[in-house]
Amino acid sequence: MGLPLVLFLPLVLLAGSGVLFIYRQVSGLWARSAVQNRVVVITDATSGLGKECSRLFHAGGARLVLCGRDWEKLEELCEALRGVADPSKTFPPRLVFLDLSDINCVQDVAKEVSDCYGCVDVLVNNASVKLKGPVQSLSLELDKEIMEANYFGPITLTKALLPGMLSRRTGQIVLVNTVQGRVGLPFRTAYAASKHAVLGFFDCLRAEVEEFDVAVSTVSPAFVRPAGPRPGTRDGPVRKLFFRKPAYGSHPADVAEEVMRVVRGKRPEVLLLDPLPRVALYVRTLLPDLFFAVTGRGVEDRPSAPRDG
Ligand SMILES: NC(=O)c1ccc[n+]([C@@H]2O[C@H](COP(=O)([O-])OP(=O)(O)OC[C@H]3O[C@@H](n4cnc5c(N)ncnc54)[C@H](OP(=O)(O)O)[C@@H]3O)[C@@H](O)[C@H]2O)c1
């Protein structure tokens, strides 16, 4: 009786991981076909995640408008994209200069973005500035800068592009946020506040624009690893399941694929969390006193205030 069970369990796991693998491949292909010919705008297209999103959407045949504040990097990205994809199935990306910390230019940028193809189908608000440091070392000016880039930037661009989507009764706005938009950690005051604020805005917006068939989605990873080879990309599902060393955080390419799936499925919210941040989020929601007690204990290591994004 014992032996068949010993054999049965690996077989079930094998079959399960096989089905999961096939499902992910098929849903990835399906997601790609869903963006074909659609006008997709990506802010901070030159960041780790922005580049991966650009690569995926470009390969899927989207008409891309890539925004960034470093023109040279944008041009390099554009060249790289055009070099790898089949020109008969893709569109050359359009480039638009956008520095979200200069809020006054965003209205003009929105016009430039709209003029590229005459409309926008999907806006991916990916740009954001990170900041870490003890509160007393951060000036109010710095707090305002973070709020401008991470809150007023995306909402200004969204508000400028939204009327076009509402009048066409179609469109999707994706916010790339972070779990720090729901959980406050020490030394992240300005960053977490801006991410809470922007999440609140888009949660409210979702409810307001649904009746016009405009979808609002948020994708919140906990940690995105620096770009580099994906561990075990060439491994089969069984090898991945049993032998792959767990790596902390999500690879930008995996987050980009999730963004693509979110666009296809118009899912309202996706959290990409390793077990620890997932538990932290549950504890913050269900047992806030415990959460505050634990985070209060984790402040021995006081970092200075460098900007890291
Ligand atoms: N990295 C993570 O662990 C993590 C975790 C959760 C969520 N996210 C979210 O993922 C998204 C992409 O982040 P990422 O990690 O891929 O970025 P990243 O690779 O760390 O790159 C940071 C980007 O921010 C840009 N930047 C810095 N200061 C700026 C400013 N004042 N105005 C405009 N852009 C500025 C930089 O542009 P230049 O190259 O021109 O300097 C750079 O492209 C963000 O929304 C972030 O909140 C990231």
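Here, each number is a calculation from the coordinates, and none is a lab measurement. Values in this document were obtained by computation on a predicted structure and should not be read as measured data. No Cβ is skipped: glycine too gets one built from the backbone with ideal geometry, and neighbour counts run over all protein chains shown.
Structure values in brief
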read-out: Residue 227 paired with residue 295, simple spin-label distance in nm, labels 7 Å along Cα-to-beta-carbon; value: 3.1
read-out: Net charge contributed by nearby residues that have their C-beta within less than 15 Å of residue 175 (K/R +1, D/E -1); value: +1
read-out: Max mean-square fluctuation residue, GNM over the chain, Cα-Cα springs under 10 Å, options 277, 221, 288; value: 288
read-out: Local electrostatic count at residue 219 - Lys and Arg +1, Asp and Glu -1, tallied over other residues with Cβ under 12 Å; value: -2
read-out: Packing-based exposure ordering (other Cβ within 10 Å, fewest first) of 260, 165, 147; value: 147, 165, 260
read-out: Signed unit charges on C-beta, dipole axis of the range 1-151, positive-most listed residue 8, 142, 54; value: 8
read-out: Unit charges at the beta carbon, dipole of the chain: most positive-side option, 42, 90, 162; value: 90
read-out: Exposed trypsin sites (Lys or Arg not before Pro) absent - longest run of the chain, DSSP non-H/G/I/E/B, at most 12 other C-beta within 10 Å; value: 1-88
read-out: Cβ-based net charge around residue 80, under 15 Å, with every Lys or Arg adding one and every Asp or Glu removing one; value: -3
read-out: The range 77-145 versus the range 204-228: alpha-carbon centroid distance in Å; value: 16
read-out: The chain - charge dipole about Cα centre, Lys and Arg +1 at Cβ, Asp and Glu -1, debye rounded to 20; value: 1100
read-out: CD proxy at 222 nm, helix term only [per DSSP H run n ≥ 4: -39500 (n - 2.57); per residue of the chain; nearest 500]; value: -16500 deg cm²/dmol
read-out: Range of Cα positions in the chain per principal axis (Å), largest first; value: 72, 56, 40
read-out: Kirkwood Rh, Cα atoms: Rg over Rh of the range 72-116; value: 1.08
read-out: Whole-angstrom Cα spans of the range 50-180 along principal axes, big to small; value: 55, 35, 27
read-out: Residue exposure sequence - 142, 131, 161 - by fewest surrounding Cβ within 10 Å; value: 142, 161, 131
read-out: Top positive-direction residue, dipole computed over the chain with Cβ charges, set 106, 184, 194; value: 184
